[in-house]
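The values are calculated or read from the model by the stated rules, or taken from the named source; none is laboratory data. Because the structure is a prediction, the values reported are computed rather than measured. With ideal geometry, Cβ positions are generated from the backbone for all residues, glycine too; neighbour counts draw on all protein chains shown. To get the accessible areas, we keep the full protein, side chains included, count just its heavy atoms, and leave off ligands, DNA and RNA. Shrake-Rupley method; radii C 1.70, N 1.55, O 1.52, S 1.80 Å.
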Amino acid sequence: MEGAMGFLKSFLAMYQDERFFLVGVCSTLLSVGAFLAFALPWTWVAYKNPESLQRYRVQGRDFPIKRWFWPSLGRLAINSLLSFLGLVLAWPLMRHLSGIHMGALPPWYVMVAQIAFFIVLDDFLYYWMHRTLHTPWLYKHVHSVHHRITIPFALTGNYMHAVEFVATSTLVLTGPSLVGAHVVTLWVWIIFRQFEAADGHCGYDVPWNPGLLVPFYKGSAYHDFHHRRFFGNYAGFFAYLDKLFGGTYSKGYEEYRRAHQHGAAPEPKPQPAPQPQPEP
């Protein structure tokens, strides 16, 4: 009996570790807060759909905000909770394998270099995970949830099956765990990753997008075409991966990008309404 009690106390002590609070609890709350901070303003813009921004619309159809606003918030809440519970279950192993720490804050250039590495690694891993999710069984049972959204707006960036959400969250933690990043570096990376999720689904390809300061990023149109065509543009951020691994660009994306590279911003053309998708 004493042995069992000792084991229980030792087990619970792992969750009293400050690192669990910072990596598990704080990172989860920061992730949700950062995503909403980026997504809600763009969702409001999409709801208003001002005439001054219509020339930057990737698609010409109306944003289905009334239909998907509350389901998107619900998915975000449920998936974040399940992801956190998964981290709780994995913590006894993660605390030994992950190098994320709370020591002295590294120099800024080290943080920048690490985050650049995280972006490249995460996008490479996400590309292959995303292509795998488009295989018939996984698409039908998992990834098709995300593709209920054919005309994305920012809040739909985290509308997905729980399995896909947890897998994506795991990829986000991979880079920081490998390099032994400081927890603050992890938080900056999470904020950037949620910017990416909201930006890629915002529906507007604006030239003043701050994400365009990152080399090789092509803006929100890249992922928007994936929702529009259901094929290709598998990477999360860098379009070059689709060119590098088999030319898997979505139909029409290269023509769209060439038009933008020549200084033209094509007016969105009216398109037929998508087929009704099942509610979650």
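Values as computed for the structure displayed
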| item | result |
| --- | --- |
| Hits in the range 103-125 - residues which are touching a Leu at 6+ places or on another chain (Cβ under 6 Å) and open to solvent by less than 50 Å² (accessible area, probe 1.4 Å) | D122 |
| Scan of the range 200-218 for residues that are in contact with a helix residue (DSSP H, G or I) (Cβ under 6 Å, 6 or more places away or on another chain) and either open to solvent by 10 Å² or more (accessible area, probe 1.4 Å) or assigned to a loop (DSSP other than H, G, I, E, B) (or both), ordered by number | G200, H201, C202, G203, D205, V206, F216, Y217 |
| Failed criterion for V145 (all others in (1) open to solvent by less than 40 Å² (accessible area, probe 1.4 Å); (2) touching a His at 6+ places or on another chain (Cβ under 7 Å); (3) not in a helix (DSSP H, G or I) hold) | (3) |
| Of the criteria (1) farther than 24 Å from D205 by Cβ; (2) in contact with a strand residue (DSSP E or B) (Cβ under 8 Å, 6 or more places away or on another chain), which one P136 fails | (2) |
| Qualifying positions in the range 10-28 - open to solvent by 60 Å² or more (accessible area, probe 1.4 Å) and either among the acidic types (D, E) or under 15 Å from the mean Cα position of the chain (by Cα) (or both) | E18 |
| Test result for Y127, over 24 Å from P71 (Cα atoms) and aromatic (F, W, Y) | yes |
| Pairs, first touching a residue at least 12 places away in the same chain (Cβ under 8 Å) in the range 86-106, second open to solvent by 40 Å² or more (accessible area, probe 1.4 Å) and in a helix (DSSP H, G or I), C-beta under 7 Å, six or more apart | G86/V166; W91/Y15; G99/V179; M102/E18; L105/V184 |
| Index of the failed condition, K243 passing every other in (1) outside any loop (DSSP other than H, G, I, E, B); (2) open to solvent by 10 Å² or more (accessible area, probe 1.4 Å); (3) touching a Phe, Trp or Tyr at 6+ places or on another chain (Cβ under 9 Å); (4) in contact (Cβ under 8 Å) with a residue 12 or more places away in the chain | (4) |
| Check on S31, modelled with pLDDT of 85 or more, crowded, with 17+ Cβ neighbours inside 10 Å and not acidic (D, E) | yes |
| Members of the range 129-162 found to be without any contact (Cβ under 8 Å) to a residue 24 or more places away in the chain and farther than 30 Å from V45 by Cα, listed by number | T132, T135, P136, W137, L138, Y139, K140, H141 |
| The range 42-51, residues that are under 17 Å from W68 (Cα atoms) and open to solvent by 70 Å² or more (accessible area, probe 1.4 Å) | W44, Y47, K48 |
| Condition broken by W208, with the remaining ones in (1) within 25 Å of N49 (Cα to Cα); (2) modelled with pLDDT of 90 or more; (3) touching a Lys or Arg at 6+ places or on another chain (Cβ under 6 Å) satisfied | (3) |
| Flag for F63 being in contact with a helix residue (DSSP H, G or I) (Cβ under 6 Å, 6 or more places away or on another chain), open to solvent by less than 40 Å² (accessible area, probe 1.4 Å), outside any helix (DSSP H, G or I) and closer than 23 Å to H161 by Cα | yes |
| Test for R67: is it more than 23 Å from T150 (Cβ to Cβ), over 17 Å from the mean Cα position of the chain (by Cα) and of a type in the set (D, E, K, R) | no |
